[in-house]
Amino acid sequence: MVEAAAELIGALPPDEVPAPLRPFARFERRKRAKFAAQHIAALLEKDDAFRRRVAEPLRAGQAELADALEAGQVPPAADPARVAALAYLLRPRGWTRQVEAACAELERSAHAHEEAAAERRIAELREELAALRAARAAEADRLRAELREAKAEIADLRRKLHEARAKARAAREQADAAAAAAERRLAEAMEAAAADSKELRRLRARLGQAEANAEAARRAAREGRNIDDVRLRMLLDALVDAAQGVRRELALPSTIGRPADAVGAVTPDQQALRALPGRSLSDDDPQLLDRLLTLPQVHLIVDGYNVTKTGYGELPLADQRTRLLSGLGGLAAQTRAEVTCVFDGADLDAPVAVTAPRGVRVLFSRPGQTADELIGELVRAEPSGRAVVVVSSDREVADAARRIGARPAPSTLLLRRLGRS
């Protein structure tokens with residue numbers, strides 16, 4: 001009824017529009033129906049002429065329904081809302097009953113709709129409940145399976161732990177036995193060395209006496225002694241030859257030690273041991289980098305961006321490179337070490353213009369190559385035995401450098417050293 005009245009207001013001349021509704025006549029139809037609904041309903045109730053004018057278009061559009069209502073009959077398939085609205089506007093005999101019947105029909109329809117919606121909602125909830133129960137059962141089965149796997153894994157780990165403890169205990173016992181045997185052999189060797197030293201002193205005394213006798217015999221021969229002296233000389237020579245034979249037979253050294261024995265070297269039958277420079281110091285020792293830089297012909301390889309992002313990562317990359325290279329230039333001048341700084345160039349769109357200080361080599365990794373891989377190539381290019389130091393806090397880079405013979409050092413030590421320069 002309100003929508004039909006709002007449509008009529010827009011079609012009426014302004015002077016024919018009822019006074020209460022004139023302020024809304026200029027509104028668009030939907031706005032008139034929305035804002036003037038209360039005024040339209042009140043006017044339809046009080047103004048019979050206005051109500052009949054509103055009913056005329058509806059009667060013309062629904063003539064069959066209007067005739068049926070005026071005859072007191074309501075078509076079974078008619079829309080209850082249209083029946084109620086048309087009955088209210090036309091007001092035939094018994095129109096109130098028609099309106100009440102239409103409202104009752106609407107209420108029954110709404111109630112049936114609500115019941116259907118409730119039943120659908122109940123069915124959906126039941127389906128959700130069944131799905132949740134199935135999911136809960138599946139989750140419970142999965143958790144039980146995981147629990148069984150965890151128990152089996154724990155049992156296996158306990159067995160391995162027991163075996164490892166047994167092996168460690170056996171290894172400790174073997175090590176103790178080996179240490180005891182080594183101590184016994186050392187004591188025996190010391191006793192044998194003492195006995196050999198005693199025998200050597202005795203033989204030296206006999207040799208000295210024999211040499212003195214031989215010298216006396218030589219003097220007597222030079223002085224023209226008689227045949228008895230010649231015989232004595234022969235006896236002394238025989239004694240000297242016997243002493244020399246005893247020395248050769250016992251393989252006695254001529255002296256306790258020789259100067260050449262004090263020179264450190266690797267004998268041909270021994271395996272050479274290769275130790276990393278600065279091995280006795282821990283990685284976080286403040287003196288580590290200073291000690292390493294004192295090694296002769298040391299090569300310092302720096303993981304550039306790892307150092308700069310550790311010390312001053314808030315700066316742009318260009319400023320980071322400039323600051324690091326400036327510090328490395330001073331370090332190279334002070335220590336005269338070979339310094340190579342490596343930056344990751346895989347993400348660069350074009351070559352970067354960098355002014356390298358004197359004594360500092362600056363390298364960027366090739367496309368498809370990381371700075372870590374370039375550092376590995378630099379270390380492997382060095383000859384075996386040269387002192388090479390790799391500065392990086394990246395654990396993978398440090399471990400790789402250590403495996404191929406270089407000495408790793410964390411970036412914080414280099415930053416601290418540059419800060420002192």
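Every read-out reported here was derived from the displayed coordinates using simple, explicitly stated rules and does not represent laboratory data. This structure is a prediction, so every number in the text was calculated from the model and none was measured. Using ideal geometry, Cβ is built from the backbone for each residue, glycine included, and neighbour counts are taken over all protein chains shown.
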Task: Amide proton proximity set for residue 338, modelled H, under 5 Å, gap of 5+ - done: 298, 300
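Consider all pairwise Cα distances in the stretch 133-185 and report the whole-number % of them above 12 Å.
Working: 1031 of 1378 pairs.
For the stretch 133-185, the share of Cα pairs beyond 12 Å comes to 75 percent.
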TODO: Taking every Cα atom in the stretch 120-161, find the radius of gyration and the maximum pairwise distance Dmax, and write them in Å.
DONE: 17.9, 60
Task: Neighbourhood charge, 9 Å Cβ-Cβ cut-off, centred on residue 397 and excluding it, Lys, Arg +1 and Asp, Glu -1 - done: -4
- [ ] Can you find, among 60, 75, 50, the residue farthest towards the positive end of the dipole of the stretch 45-85? Put +1 on the C-beta of Lys and Arg, -1 on that of Asp and Glu.
- [x] 50
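How large is Rg over Rh for the stretch 1-116, taking Rg from the Cα atoms and Rh as the Kirkwood inverse mean of 1/r across Cα pairs?
Values: Rg = 15.4 Å, Rh = 15.1 Å.
Here the Rg-to-Rh quotient is 1.02.
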Open item on the list: Per residue, how big is the convex hull of the stretch 87-180 when only Cα atoms are used? Give it in Å³.
Closed with: 102
